[in-house]
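Enquirer: Below: one structure in structure tokens.
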Amino acid sequence: MKNWLMLTLVGKDRPGIVSEVSRVLFDMKGNLGEASMTRLGGNFTIMLMVCIPENIITVKEKLRPVCDKLGLSFHLDEIEAGLHQHIEPDVRISIHGADEPGIVALATDALSEAGLNILNLESDVGGYPESPVYVMHIEGVASDGFDTLDKALQVLAREKGVVARMTPIDTMVG
Amino acid sequence: MAVLDILVYPDKRLTQVSRPVDEFSKDIKIFIKDLEETFRSYPGCVGIAAPQVGRFERIVLVDISHKPQHNNHGFLVLINPKITSCEGNSLGREGCLSVPDYTGKVERAKSITLEALNGNGDKQELKISGYEARAVQHEIDHLDGKLFIDRLVGRRNSLNKRIELSTDLKNDNG
């Protein structure tokens, strides 16, 4: 069984974070797997699978100097994981409206009730500071069918005054 | 009849440009039967191109008729296909037998007009739109040594850089 670690890392954004962190892992013969790296509110965030022969304590020790230098905090977990286990989404959901506290909790609660398994969620706040706009894109699997999901979205749209729509994803494989 | 082996990326042969079919031999007809059996052996697959099995001739098969929600022309045998006009754009998700365990968003023309020979060598002109047009464009790309990962759009387009390198390799091979 391969030794996979999940690295979670966050810090003020600056150039060079990805290259310096991945260089440390590469020098320990780490093999990177799937990763999500993005800038959120001026911070740079990394969630990264790495398969590495060293134990977790050694990896922590080797990462600490570079993370201290770059002002990053990080966390490592031993995980049971593997590659080539993608689940294909069959629906895309977009929700947008005036930014209000609780919209994610309300929306995802309704979607979960309607059988949605979320595979990917990206959300952003745009607009002017005095009138922020919340935009969320979700891809997932509609395990109870599209109609149930669509009804849940219509209720959400009506009750919260947001725009909520779904589009089935029919992946063309050729 | 036989199920043929599929070339899988990063096999460089997938970047090869295929030559036109100039003779309708008995061998071609047998090959088309084998090619059909090959793509039908993969559940959910809607098409295949000859270079995917290592035969670099301009032959494409498409059949989306098991997805009746999409307009279609039934089983299409397209030999030396040529897109003569395109209209509109649409974004959709694609996967490929030659790129297992990865799907991504690709922009294609919404509708196309196409000239091609059929399985008997007769000329045909077709107007194709929507999902079927996406499938045909995806398969014709194979004849020109292109994969859908050469055309990824959106945030999850991490393979673009690598593809540019493989394009350079193609040029080196002439």
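Enquirer: I want to verify the translational diffusion coefficient of the protein assembly as shown in µm²/s; compute it with Stokes-Einstein, Rh as the Kirkwood radius over Cα pairs, at 37 °C and 0.692 mPa s.
Expert: Roughly 141 µm²/s, to the nearest whole number.
Enquirer: Can I ask one more? Would you mind calculating the gained length between B:HIS73 and B:ASP144 on full extension (0.36 nm times residue separation, minus the Cα-Cα distance), in nm to one decimal?
Expert: Result: 23.2 nm gained on full extension.
Enquirer: Treat the count of other C-beta atoms within 10 Å as a stand-in for reagent exposure and order B:VAL8, B:VAL62 from fewest to most.
Expert: Listed from fewest to most nearby Cβ atoms, that is B:VAL8, B:VAL62.
Enquirer: Using a ≥ b ≥ c from the Cα gyration tensor of the stretch B:1-54 (square roots of the eigenvalues), is it rounded, prolate or oblate, where a/c under 1.5 gives rounded and otherwise the larger of a/b and b/c decides, a/b for prolate?
Expert: It comes out oblate by the Cα gyration axes.
Enquirer: Could you list, in their original order, any pairs among A:LYS2/A:LYS60; B:LYS67/B:LYS110; A:LYS29/A:LYS62; B:LYS26/B:LYS146; B:LYS29/B:LYS82 whose Cα atoms are separated by more than 24 Å?
Expert: B:LYS26/B:LYS146
Enquirer: Further, regarding this structure: With the Cα gyration tensor of the stretch A:91-168 in hand, convert its eigenvalues to equivalent ellipsoid semi-axes via √(5λ) and list them largest first in whole Å.
Expert: 22, 13, 10
Enquirer: Taking the Cβ of each residue in B:ILE112, A:ILE46 as the centre, tally the other Cβ atoms inside 10 Å and list the residues starting with the fewest.
Expert: Ascending Cβ contact count within 10 Å gives the list A:ILE46, B:ILE112.
Enquirer: Do any trypsin sites (Lys or Arg not before Pro) in the stretch A:27-62 lie in a DSSP loop with no more than 15 other beta carbon atoms within 10 Å, and if so, which?
Expert: A:LYS29
Enquirer: Size of the dipole of the stretch A:91-168 about the Cα centre, Lys and Arg at +1 and Asp and Glu at -1 on the beta carbon, nothing else charged, in debye to 20?
Expert: 180
Enquirer: What 222 nm value per residue comes from the helices of the protein assembly as shown, counting each DSSP H run with n ≥ 4 as -39,500 (n - 2.57) and dividing by all residues, nearest 500 deg cm²/dmol?
Expert: Helix contribution divided over all residues of the protein assembly as shown: -8500 deg cm²/dmol.
Enquirer: What spacing in nm lies between the two simple spin-label points modelled at A:ASP147 and A:SER123, each 7 Å away from Cα in the Cβ direction?
Expert: That separation, rounded to one decimal, is 3.0 nm.
Enquirer: In 10 Å bins starting at zero, report the fraction of Cα pairs in the stretch A:24-76 per bin as a rounded %.
Expert: 22, 55, 22, 1
Enquirer: Still on this structure, please answer the following. Between the helical axis of A:146-160 and the dominant principal axis of chain A, each derived from Cα atoms, what acute angle in degrees is found, rounded to the nearest 10?
Expert: Once rounded, one gets 80 degrees.
Enquirer: Size of the dipole of the stretch A:41-150 about the Cα centre, Lys and Arg at +1 and Asp and Glu at -1 on the beta carbon, nothing else charged, in debye to 20?
Expert: For the stretch A:41-150, the charge dipole is close to 700 debye.
Enquirer: Give me B:SER98, A:SER131 ranked fewest to most by other Cβ atoms within 10 Å of their Cβ, as a rough exposure proxy.
Expert: Fewest-to-most ranking of B:SER98, A:SER131: A:SER131, B:SER98.
Enquirer: Count, for each residue of A:161-173, the Cβ atoms from other chains sitting within 10 Å of its Cβ, then give me the mean as a whole number.
Expert: Mean shielding count: 5.
Enquirer: Here is a further query. Can you give the average number of partner chain beta-carbon atoms within 10 Å of each beta-carbon in peptide B:93-101, as a whole number?
Expert: The mean count of partner-chain Cβ atoms within 10 Å per residue comes to 4.
Enquirer: In addition: Would you kindly derive the ³J(HN,Hα) couplings of the stretch B:64-77 from the backbone phi angles with the Karplus curve 6.51 cos²θ - 1.76 cosθ + 1.60 (θ = phi - 60°), listing them in order in whole Hz, with x for Gly and Pro?
Expert: 10, 5, 7, 10, x, 5, 10, 4, 7, 9, x, 7, 9, 10
Enquirer: What shape does the stretch B:1-125 have by the C-alpha gyration tensor, where a ≥ b ≥ c are the square roots of the eigenvalues, rounded means a/c under 1.5, and otherwise prolate means a/b greater than b/c and oblate the rest?
Expert: rounded
Every read-out reported here was derived from the displayed coordinates using simple, explicitly stated rules and does not represent laboratory data. Keep in mind the model is a prediction, meaning the values are calculated, not measured. Glycine gets a Cβ as well: all are built from the backbone with ideal geometry, and neighbour counts include every protein chain shown.
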